[in-house]
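To keep things clear, I will list the structure first and then write my remarks on it.
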Protein chains: 2
Amino acid sequence: MERVPVLKIGDILLVSIQIDMEDQTALQLQEDLAERIVVTGCHGVIIDISALDIVDSFVGRTLATIASVSRVLDAETVVVGMRPAVAITLVELGLSLPGIRTALNVELGIEMLARSREDEYADDDEDEADPATVTTP
Amino acid sequence: MERVPVLKIGDILLVSIQIDMEDQTALQLQEDLAERIVVTGCHGVIIDISALDIVDSFVGRTLATIASVSRVLDAETVVVGMRPAVAITLVELGLSLPGIRTALNVELGIEMLARSREDEYADDDEDEADPATVTTP
């Protein structure tokens, strides 16, 4: 059975899906990711699907499950690198990947995760002064 | 033909090899990487081989060629994530991957690239004071 590697980069886990997702591979990836989130304490998961020609309902469901499991473990998931043709086919099939955040590429995904993490902290410390609003006279 | 995606993260290009490298795939990867180095101006390439069970002489040669091509384009290559069993087999086969730098995982690879980049800048500005060599009496 092939296994999709999970790479840790700073506070983010990166998964690049390149092989066809079969039942076992998908389950293994879900388990691996959940375990790595717990072990590393990472708060972000980026799934790159730029190598995929086809995203069918099974892959869509797998991505949704990964996003939900990650969320329960306090990590946010962003799917990146979707090809234009894949996006068109998905919508034609009536699959709009609900509950999954997307970004154009890994870098924008990392930015998106960093921003939403910042927002979270800002909500936590609302009484503290926000450096962005402190203006010098 | 399958294609290995090249992901850009900051100043680094990341490649996660998960599929069997055949002639065409290897050539395509070399081309893609060279092109991305030129287009993005990245100075580091990280190749993750944690998904590979076997690294034979062909894969070894491919990695060496990628490293050489990258070097010519002013980018440094680090191979990361080699499994212990792969390392043992490589040495038993007499393949010690000459000219290829390795690191245990992606994070350490990124650190290695950042450090050698710093060293390079330090060499460039040798007349400037180097904080590492300034010793207090």
| request: Pull up all non-local amide H partners of A:R83: gap of 5 or more, or a different chain, and H-to-H distance under 5 Å with H placed in the peptide plane. | output: none
| query | Mean separation of Cα pairs under 8 Å and 6+ residues apart, divided by the residue count of chain A: what relative contact order is that in percent? | reply | 21 percent
| request: Rounded to the nearest 10 degrees, what's the angle between the helix A:106-124 long axis and the longest principal axis of chain A, both from Cα atoms, 0 to 90? | output: 40 degrees
| Hey, what do the phi angles of the stretch B:54-66 turn into as Karplus ³J(HN,Hα) couplings, whole Hz, using 6.51/-1.76/1.60 and θ = phi - 60°, x for Gly and Pro? | 10, 10, 8, 5, 5, 5, x, 5, 4, 4, 5, 5, 4
| message | Could you check the spin-label model distance between B:L108 and A:D32? Points 7 Å from the Cα along Cα→Cβ, value in nm. | response | 1.9 nm
| query | Once Rh is set to the Kirkwood radius over Cα pairs, what Stokes-Einstein translational diffusion coefficient, in µm²/s, holds for the protein assembly as shown at a temperature of 10 °C and a viscosity of 1.306 mPa s? | reply | 77 µm²/s
| Amide H of A:R101: which non-local residues (sequence gap of 5 or more, or other chain) have their own amide H closer than 5 Å, using H built in the peptide plane? | A:V79
| If one takes the longest principal axis of the Cα atoms in chain B, at what angle in degrees, from 0 to 90 and to the nearest 10, does the Cα axis of helix B:23-40 lie? | 30 degrees
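Among DSSP beta bridges lying fully in the protein assembly as shown, give the percent that are antiparallel, nearest 5.
25 percent
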| request: May I ask you to evaluate 6.51 cos²θ - 1.76 cosθ + 1.60, the Karplus curve with θ = phi - 60°, for each residue of the stretch B:88-105 and list the ³J(HN,Hα) values in order in whole Hz, giving x for glycine and proline? | output: 4, 4, 4, 5, 4, 7, x, 9, 10, 6, x, x, 10, 8, 10, 9, 5, 8
| message | What does DSSP give for chain B in terms of the percent of beta bridges that are antiparallel, rounded to the nearest 5? | response | 25 percent
| q = 0.16, 0.17 Å⁻¹, the stretch B:1-117: log10 I(q)/I(0) [Debye, one scatterer per Cα] | -0.68, -0.77
| request: Search the structure for amide H atoms under 5 Å from the amide H of A:E76, placed 1.01 Å from N in the peptide plane, and list their residues when 5 or more places away or on another chain. | output: A:G44, A:V45
| task | With a 1.4 Å probe and every protein chain kept in, tell me what percent of the accessible surface of the stretch B:6-123 is carbon plus sulfur. | result | 56 percent
| message | How high is the relative contact order of the stretch A:35-107? Use alpha-carbon pairs under 8 Å, at least six apart in sequence, and give a whole percent. | response | 39 percent
| In what sequence, highest mean first, do B:32-41, B:90-99 appear when ranked by Cβ atoms within 10 angstrom? | B:32-41, B:90-99
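The values are calculated or read from the model by the stated rules, or taken from the named source; none is laboratory data. Owing to the predicted nature of the structure, the values given are computational and were not obtained by experimental measurement. Heads up, the Cβs are rebuilt from the backbone with ideal geometry, glycines too, and the neighbour counts pull from every protein chain shown. SASA here: full protein model, heavy atoms, side chains in, ligands and nucleic acids out. Shrake-Rupley method; radii C 1.70, N 1.55, O 1.52, S 1.80 Å.
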